[in-house]
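I have placed the structure first, in the form of C-alpha cells, so that the comments after it can refer back to it.
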Amino acid sequence: MAFKWIFKGLLTLLLCFSPLCQAQNNDILLLKTYHKSQDVKGWLMSEKLDGIRAIWDGKTLTTRKGNPITAPDWFIKGLPPFAIDGELWTRRNNFETISSIVRTQTPDKRWKNISYNIFEVPNDPAQNNGLLARLSVLETFLTEHPSQFLKVIPQITIDSPKHLQVELSKVIALGGEGLVVRRPAIPYQTGRSNSALKVKQYQDTECTVIGYKSGKGKYEGHTGAIKCQLPSGLTFFIGSGLSDQQRQHPPEIDSIITFKYYGLTKNKLPRFPVFMRERPVE
C-alpha cells in the first residue's frame, strides 16, 4: 500500500505546475492564478462560473478529459456546427446539482435548467483577431438561431486595478466563485499561459482522499474531517465546509476533492483548508 501511494505521488508530481496541483489536460485552455502585481489593465474579465466544463467539437459534447456527456437530443440539436468551449451551469452555489444532472446517463427534464455558457470558440478562422472576434462568430450564429440555453459569457474591459477588485467584490457578494481575466488580442491557446488567469479571494486546488477522522460532539459517529494527500505526498485534514450529509457519506477513498485555502503554512501545507466539492468522474 505504501508503494502504491509513493508511486502515485511521484507520477502526479511530474504533472504539477504549482507546489500543490496542476490540471493534467493541456489540449484545452487552462487558467493560471492572477497575482496583484500583474498589470491587466485593458484585458477582458468575466465571471468564473462554477459548473461542469464542456467542449463541443461540432459533433460531440465531452468533458475536459474527453469523456462523452449524455445530453438530450434537443440540447445537442441547438448547438452550432463549429467548436465551442464553456461551462454547463444553472446558478451560483449549485455545483452538486449541476454535476448530478450532467452525469446522469439517461438525461431527464432537469436539463431544462442547464445553460451552456461559452467563453471560447477554439477553431474559428478569426482566432488570430482575438477573443472578441472569435466570440462574435457564436453571437452571429445565435442571432440567426436563437437559443434559451446557449449563451456567450459577457466580457468587460478592465479600466484599472480598482475596477477589477470592484467587480470581484460584486461577484463574491452574489455568491460567485471569482473572475477570469484574459488578454484580448491573443490568438487561441491551449494549456496554461500568462494570458488567461483566474482571480479569486482565495486559492483552490485538489487533493486525494486517503482517510477520515471521527467526529466529536454533534458529529460523533460521523466524519469529523477528511484526510487528504497532495501530489507532493504531504497529508493534512479538512474539517470545514462539509455538510451534515457529507459527514454521514463522505467522499470515497481515492476520490479527488477540491478545497480552498489561504496561503501555505511554514510546513508548506494549505492554511485554513475548506472543502468545496468532489470532482466528478470525467
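Observations
- Answer residue from the stretch 53-78, given it is over 24 Å from residue 31 (Cα atoms) and aliphatic (A, V, I, L, M) and is surrounded by the most Cβ atoms within 10 Å (Cβ to Cβ) among those: 71
- Long-range neighbours under 6 Å by Cβ, at least six apart or interchain, first residue within 13 Å of residue 277 (Cβ to Cβ) and without any contact (Cβ under 8 Å) to a residue 60 or more places away in the chain within the stretch 232-246, second among the aromatic types (Phe, Trp, Tyr) and part of a strand (DSSP E or B): 238/259; 238/275; 241/275; 242/275
- For residue 274: the one exception among (1) of a type outside the set (Gly, Ala, Ser); (2) modelled with pLDDT of 95 or more; (3) buried (at least 16 other Cβ atoms within 10 Å of the Cβ): (2)
- Comparison of 202, 212 shows that the only residue that is over 21 Å from the mean Cα position of the chain (by Cα) and either in the same structural domain as residue 95 (by TED's automatic domain parsing) or of a type in the set (Ser, Thr, Tyr) (or both) is 212.
- Candidates 257, 253, filtered to the one that is over 27 Å from residue 54 (Cβ atoms) and touching a residue at least 40 places away in the same chain (Cβ under 8 Å): 253
- Selection from the stretch 190-207 of residues that are touching a residue at least 60 places away in the same chain (Cβ under 8 Å) and buried (at least 17 other Cβ atoms within 10 Å of the Cβ): 192, 196, 197, 198, 199, 200, 203, 204, 205, 206, 207
- Considering residues of the stretch 174-189 that are crowded, with 18+ Cβ neighbours inside 10 Å and at pLDDT 95 or above only, the residue farthest from residue 90 (Cα to Cα): 182
- Residues that are over 19 Å from residue 120 (Cα atoms) and in a loop (DSSP other than H, G, I, E, B) within the stretch 68-80 comprise 70, 71, 72, listed in sequence order.
- Evaluation of residue 271 against the conditions (1) touching a Leu at 6+ places or on another chain (Cβ under 9 Å); (2) touching a residue at least 24 places away in the same chain (Cβ under 8 Å); (3) farther than 30 Å from residue 157 by Cα shows that the sole unmet condition is (2).
- Qualifying residue in the stretch 72-82 (condition: touching a Leu at 6+ places or on another chain (Cβ under 7 Å), closer than 25 Å to residue 179 by Cα and touching a residue at least 60 places away in the same chain (Cβ under 8 Å)): no
- Qualifying positions in the stretch 229-282 - of a type in the set (Lys, Arg) and outside any strand (DSSP E or B): 247, 266, 268, 271, 279
- Condition check for residue 154: touching an Asp or Glu at 6+ places or on another chain (Cβ under 9 Å), at pLDDT below 95 and assigned to a loop (DSSP other than H, G, I, E, B): no
- The sole residue among 166, 171 that is among the β-branched types (Val, Ile, Thr) and surrounded by 14 or more Cβ atoms within 10 Å (Cβ to Cβ) is 171.
The values are calculated or read from the model by the stated rules, or taken from the named source; none is laboratory data. These numbers were taken from a predicted model, which means no experiment stands behind them. In this analysis, Cβ positions are derived from the backbone assuming ideal geometry, glycine residues included, and neighbour counts consider all displayed protein chains.
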